[in-house]
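Here the structure is laid out as structure tokens; the discussion comes afterwards.
Please treat every number below as a calculation from the coordinates, not as lab data. Values in this document were obtained by computation on a predicted structure and should not be read as measured data. So basically every Cβ, Gly included, is an ideal-geometry build from the backbone, and we count neighbours across all protein chains shown.
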Amino acid sequence: MLENIDWLLIREIISCVLILTGVLFMLISTLGLLRLPDFYIRMSAITKGTTLGLGLILSGMGIYFNQPDILLKVLAIIVFSFITAPVAAHVVGRTAVQNKIPFWDRTKTKELNEYLEQENLGEHVNRDKYIEDLKKKKKNAPGNQ
Amino acid sequence: MKTFVFHFIVAFTATYLFFSQADLPIPYNAETTTAMFLGILTLLWLSALFYNKSYFRKLPKAINLLLYFLKELFLANIKVAFDIVTPHYYMRPTIIALPLTVKSDLEITLLANIITLTPGTLSIDVRKDKKILFLHALYVKDDDIEQLKNYIKHGFERRILELTA
């Protein structure tokens with residue numbers, strides 16, 4: 001019974017489906033990079049799309065080759081990309097807020113505005129000036145905090 | 001966590017040593033090695049009942065968090081993909097200040113990473129006293145911010161707290 005099943009064919013079909021889904025997600029998120037309205041929305045679209053696409057493509061590859069060493073490497077790549085991609089997105093998003101990259105018109109920024117006023121980030125145009133001002137503040141008031 | 005790393009290394013070494021023998025009774029491919037590795041890991045997990053009860057309780061919760069995260073990742077991607085390929089914008093972007101219950105740096109990092117990868121949300125900034133996390137959310141149903149906050153708090157934060165408590 002078990003000898004009659006063509007395992008290679010089954011593996012090929014599964015990996016085809018996974019790789020095609022991954023490529024589709026990557027393609028759609030790249031289209032989103034072109035057409036979404038503002039920086040932050042584009043960022044969130046591209047982070048999710050490419051991370052999931054990469055994971056699907058790599059797991060499809062691991063299933064196709066059916067070798068333990070390849071599977072191990074593939075899993076390591078997936079884990080590390082899932083850890084690092086959101087950290088990079090977070091850093092870029094934070095820098096964008098500090099650099100006053102404008103939001104889309106329809107974005108509701110009520111809860112952020114209070115924070116920006118508290119931190120005196122609202123008035124700064126770029127990060128260098130922000131850091132300079134921070135240094136000045138520290139010089140004027142040592143032992144603060 | 002330490003127990004898990006120790007068990008992982010033991011299971012990995014045992015599998016490696018078994019499959020580096022000269023004449024094997026079973027074929028050498030991904031399925032057999034993965035099955036053997038997971039089998040050894042499960043046996044070690046069962047043995048943890050006698051010397052490390054908290055690890056015995058926490059591993060199923062960690063797997064639960066992982067599966068929930070993968071499900072949310074898929075749903076988020078399908079939502080965003082649908083919005084990209086259809087001409088009308090369904091999104092209502094909002095900045096949300098999420099008060100944090102989790103305390104340590106590890107928990108906050110985990111929560112922020114998971115949030116960035118799931119339903120149309122992007123973590124932007126953490127306030128200096130580590131009590132508020134700012135999110136950029138794409139899909140807020142009926143402009144109800146509290147509902148989304150509750151969703152994140154009961155979905156991810158509760159699971160992370162259960163894991164680290």
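May I ask what percent, to the nearest 5, of DSSP beta bridges between residues of the protein assembly as shown are antiparallel?
Working: 11 of 12 bridges.
If I count the DSSP bridges inside the protein assembly as shown, around 90 percent turn out antiparallel.
Inter-label distance, A:Leu34 to A:Asn140: 5.0 nm, where each label sits 7 Å from its Cα along the C-beta direction. With the simple model of a label 7 Å out from the Cα in the direction of the Cβ, B:Leu106 to A:Arg106 spans 4.2 nm. Within a straight-line Cα-Cα reach of under 23 Å, A:Lys135 can be paired with the following lysines, leaving aside sequence neighbours fewer than 8 residues apart in one chain: A:Lys100, B:Lys128, B:Lys130.
Please report the relative contact order for the range A:2-101, taking Cα pairs under 8 Å with a sequence separation of at least 6, and give it as a percent rounded to a whole number.
Numbers: 78 pairs, mean separation 30.7, N = 100.
31 percent.
Can you put A:Met43, A:Met26 in order of Cβ neighbours within 10 angstrom, beginning with the fewest?
A:Met26, A:Met43
Calculated FRET efficiency, B:Phe18 to B:Ile132, Cβ-Cβ distance, R0 = 30 Å: about 0.05 to the nearest 0.05.
Place the peptides B:24-32, B:90-98 in order of packing, highest mean first, counting for every residue the other Cβ atoms within 10 Å and averaging per peptide.
Details: B:24-32: 12.4, B:90-98: 19.7.
Taking the mean over residues of other Cβ atoms within 10 Å, the ranking is B:90-98, B:24-32.
Sorting B:Ser104, A:Ser44 by the number of Cβ atoms found within 10 Å of their own Cβ, with the fewest placed first, yields B:Ser104, A:Ser44.
With a simple spin-label model that places each label point 7 Å from the Cα along the Cα-to-Cβ direction, the separation between A:Arg94 and B:Tyr51 comes to 4.0 nm. How big, on average over all directions, is the shadow cast by the Cα convex hull of the protein assembly as shown, in nm²? Convex hull of Cα atoms, orientation-averaged projection: 21.6 nm².
Normalising by the residue count of the range B:8-165, find the relative contact order in percent from Cα pairs under 8 Å and 6+ residues apart.
On the way: 134 pairs, mean separation 33.4, N = 158.
It comes to 21 percent, rounded to a whole number.
At q = 0.24 Å⁻¹ the log10 of I(q)/I(0) for the range A:1-69 amounts to -0.93, computed by Debye summation with a single uniform scatterer per C-alpha, solvent ignored.
Order by neighbour count: B:His154, B:His136, B:His88, fewest other Cβ atoms within 10 Å first, most last. Each step should come with its number before you reach the end.
Numbers: B:His154 10, B:His136 28, B:His88 5.
Placing the least packed residue first, the sequence is B:His88, B:His154, B:His136.
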